[in-house]
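Peer 1: One structure follows; several queries about it will come next.
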Amino acid sequence: AERELYVTVSIGIAVFPEDGDDVDTLVKSADAAMYAAKQQGRDGYQFHSGLRSHGDIERLDLGNRLHRAIDAKEFRVYFQPVVRVETGTMTGAEALVRWERADNGLVLPGEFIPLAEDSGLIVPLGMEVLRESCRQAAEWNRIGRPLSVSVNLSVRQLQRRDVVGTVRTALEDSGLEARRLSLEITESVAMQNLDVTLAALADLRRLGVGITMDDFGTGYSSLSYLKMLPVDTVKIDRSFVQGVGTDPNDATIVRAAIALAHELRLRVIAEGVESAEQADFLRVHQCDELQGFLFSPAVPAAEFGEWVVSNRRFPV
Ligand code: C2E
Ligand code: CA
Ligand code: CA
C-alpha cells in the first residue's frame with residue numbers, strides 16, 4: 001500500500017537437549033527466550049538458559065572456580081590501616097578480601113565480587129570475611145589496642161533476613177565489642193528495597209555496630225540518603241580525594257563534604273589518599289581519618305598484626 005514499514009526481529013533460542021528433549025518443550029523454551037529478548041528492548045536474541053553465550057560460559061567457569069575456592073579456603077582477608085589525622089595512630093582497618101589462587105596468584109575483588117554477587121556466593125563469602133575480620137580485630141583488642149575493623153557489606157547480605165543474627169553471632173563468637181565493628185554500605189546497596197534496608201540498618205545500630213556510607217559523593221542522591229539512613233561515618237570517595245590538589249571542584253566538594261558531615265555529627269574518613277599534599281589538604285580541612293596507599297595498601301593479617309604489636313604510627 002506504498003507505506004514504508006520498519007521491522008525488527010526478536011529471537012528466542014533453545015538448545016537440544018539442555019532446554020528440552022522433545023519438540024513441545026523446546027518450542028516452549030524458545031518462546032520464553034523470545035519474550036526475554038523483547039523485554040531486553042527487542043531487536044535482539046536471547047538464549048533460553050541465559051548461559052550459552054560466550055561471556056556467560058566464561059563467567060560460569062569462574063563461578064565454578066569461586067565455589068571451589070570457598071571450599072578450598074583460598075580467600076584471605078587483608079587489612080588496610082585507617083589513620084587518625086591528628087596523631088598518626090591507627091584507629092583500625094578496612095577488611096578487603098583477596099583470592100589467593102593456588103594456580104594463579106592474587107586476584108583482586110574487582111574481578112570476582114560482581115560475579116559473587118550475581119551468583120549469591122557473596123553471602124557465604126561475605127560471612128567468612130565478617131567472621132575472620134571480627135576474630136582478628138578481637139585478637140588485636142586483646143593485645144590492648146582499641147582498633148576497629150570495617151567490613152564491606154553487599155546488598156545481598158543486607159537484604160537477608162538473618163543479617164542481624166549473622167553479625168551478632170560473629171561478634172559473640174569472636175568476643176569483639178560491637179562498637180569495634182563498622183559495616184560499610186554504598187548508596188546503591190542502601191537504595192534497593194529501602195524498607196528492608198532501613199529496618200536492617202536500624203537493628204544493626206541497636207546492636208551497637210557502626211554504619212559507614214562508603215564511596216560518599218558518587219551516588220546521585222547522597223544527601224537524601226544521608227539524612228534517611230542511620231549512618232555514623234562517611235567515607236569520601238577516592239575519585240574526589242585524588243583531585244584535591246589539582247582540581248578546584250574536587251577540593252570544593254571534599255571541603256563541603258567534610259563540613260556537611262561534621263554538621264550532621266558524622267565522622268569523616270577520606271579514602272584513596274596517595275600523596276602528602278592530599279593528606280595535608282585533608283588535615284587542614286579537619287577530615288578525621290585517612291586511608292590510602294600513602295600509608296599502606298591492604299596487607300595480610302600477620303603483617304598488620306605486627307604493626308599492632310609495635311604500635312606503628314603513620315604521621316601525617
Ligand atoms: P572499596 O570498599 O571502595 O575499597 C577500597 C578500594 O580502594 C580497595 O580496593 C583498596 O585496595 C583501594 N585503595 C586503597 N587505597 C588506595 C589508594 O590510595 N589509591 C587507590 N587507587 N586505591 C586505593 P580493592 O581491595 O581492590 O577492593 C575493591 C572493592 O571490592 C572494594 O571497594 C569493595 O567494594 C569490594 N570489596 C572488597 N572486599 C570486599 C568484601 O569482603 N565484601 C564485599 N561485599 N565487597 C568487597
Ligand atoms: Ca569500602
Ligand atoms: Ca570506597
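Peer 1: When you scan the stretch 267-282, do you find a residue that is closer than 29 Å to Arg76 by Cβ and away from ligand 3 (no atom under 16 Å from the Cβ), even just one?
Peer 2: For the stretch 267-282, residues closer than 29 Å to Arg76 by Cβ and away from ligand 3 (no atom under 16 Å from the Cβ): present.
Peer 1: I'd like to know if the stretch 296-303 contains one or more residues that are among the hydroxyl-bearing types (Ser, Thr, Tyr) and either in contact with a helix residue (DSSP H, G or I) (Cβ under 7 Å, 6 or more places away or on another chain) or in a loop (DSSP other than H, G, I, E, B) (or both). Before the answer, list the steps.
Peer 2: Initial filter on the stretch 296-303 (among the hydroxyl-bearing types (Ser, Thr, Tyr)): 296.
Filter once more, so that each one left must be either in contact with a helix residue (DSSP H, G or I) (Cβ under 7 Å, 6 or more places away or on another chain) or in a loop (DSSP other than H, G, I, E, B) (or both): 296.
Looking through the stretch 296-303, at least one residue is among the hydroxyl-bearing types (Ser, Thr, Tyr) and either in contact with a helix residue (DSSP H, G or I) (Cβ under 7 Å, 6 or more places away or on another chain) or in a loop (DSSP other than H, G, I, E, B) (or both).
Peer 1: Additional query: Quickly run through the stretch 205-224 and pick out the residues that are more than 16 Å from ligand 2 (Cβ to nearest atom) and within 18 Å of the chain's Cα centre (by Cα).
Peer 2: Restricting attention to the stretch 205-224, the residues satisfying the condition of being more than 16 Å from ligand 2 (Cβ to nearest atom) are 205-208, 220-221, 223-224.
Scanning the stretch 205-224 gives a single hit, Tyr220.
Peer 1: Filter the stretch 29-47 down to the residues that are free of Cβ contacts under 8 Å to residues at least 12 places away in the same chain and either in a loop (DSSP other than H, G, I, E, B) or surrounded by 14 or more Cβ atoms within 10 Å (Cβ to Cβ) (or both) and list them by number.
Peer 2: Those that are free of Cβ contacts under 8 Å to residues at least 12 places away in the same chain and either in a loop (DSSP other than H, G, I, E, B) or surrounded by 14 or more Cβ atoms within 10 Å (Cβ to Cβ) (or both): Gln40, Gly41.
Peer 1: Answer yes or no: is there a residue in the stretch 229-246 that is away from ligand 1 (no atom under 14 Å from the Cβ) and farther than 26 Å from Ser133 by Cβ. Even if it seems obvious, please write down each step before you answer.
Peer 2: Going through the stretch 229-246, the residues away from ligand 1 (no atom under 14 Å from the Cβ) turn out to be 229-232, 246.
Add one more test, that the residue is farther than 26 Å from Ser133 by Cβ, and what stays is 246.
Scanning the stretch 229-246 turns up at least one residue that is away from ligand 1 (no atom under 14 Å from the Cβ) and farther than 26 Å from Ser133 by Cβ.
Peer 1: Residues Ala95, Ala116, Ala69, Ala138: which one is at pLDDT 85 or above, small (Gly, Ala, Ser) and within 24 Å of Phe293 (Cα to Cα)? Spell out how you get there, then give the answer.
Peer 2: On the way: Ala116 fails: within 24 Å of Phe293 (Cα to Cα); Ala69 fails: within 24 Å of Phe293 (Cα to Cα); Ala138 fails: within 24 Å of Phe293 (Cα to Cα).
That would be Ala95, the only listed residue that is at pLDDT 85 or above, small (Gly, Ala, Ser) and within 24 Å of Phe293 (Cα to Cα).
Peer 1: Is the stretch 136-153 home to any residue that is without any contact (Cβ under 8 Å) to a residue 12 or more places away in the chain, on the phi > 0 side of the Ramachandran plot and of a type outside the set (A, V, I, L, M)?
Peer 2: Yes: one or more hits.
Peer 1: Okay, next question. Of Gln159, Gln192, which residue is closer than 18 Å to Leu125 by Cβ, polar (S, T, N, Q) and under 20 Å from the mean Cα position of the chain (by Cα)? Break it down into steps so the answer makes sense when it comes.
Peer 2: Values: Gln192 fails: closer than 18 Å to Leu125 by Cβ.
One residue alone meets the criteria, Gln159.
Peer 1: For residues that are of a type in the set (A, V, I, L, M) and part of a strand (DSSP E or B), scanning just the stretch 136-161, find the one that is nearest to Val308 (Cα to Cα).
Peer 2: Here is the first cut: in the stretch 136-161, the residues of a type in the set (A, V, I, L, M) are 137-138, 143, 147, 149, 151, 153, 155, 158.
Within this subset, residues satisfying the condition of being part of a strand (DSSP E or B) are 149, 151.
Values: Val149: 13, Val151: 18 Å.
Taking the candidates together, the pick is Val149.
Peer 1: Continuing with the same structure: Does Glu187 satisfy being farther than 18 Å from Tyr78 by Cα and more than 13 Å from ligand 1 (Cβ to nearest atom)? Before you say what the answer is, go through the steps one by one.
Peer 2: Values: farther than 18 Å from Tyr78 by Cα: yes; more than 13 Å from ligand 1 (Cβ to nearest atom): no.
Criteria not met by Glu187.
Residue by residue, here is whether (1) touching a residue at least 40 places away in the same chain (Cβ under 8 Å); (2) crowded, with 16+ Cβ neighbours inside 10 Å holds:
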| site | (1), (2) |
| --- | --- |
| Arg265 | no, no |
| Ile269 | yes, yes |
| Gly272 | no, yes |
| Val309 | yes, no |
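Peer 1: To continue, here is another question. Has the stretch 138-150 got any residue that is over 24 Å from Pro81 (Cα atoms) and among the basic types (Lys, Arg)?
Peer 2: To start, the set of residues in the stretch 138-150 that are over 24 Å from Pro81 (Cα atoms) comprises none.
No, every residue in the stretch 138-150 fails to be over 24 Å from Pro81 (Cα atoms) and among the basic types (Lys, Arg).
The values are calculated or read from the model by the stated rules, or taken from the named source; none is laboratory data. Quick caveat: nothing in here was measured; it's all calculated off a predicted structure. Because the Cβ atoms are built from the backbone with ideal geometry, glycine has one as well, and the counts that use them run over all protein chains shown.
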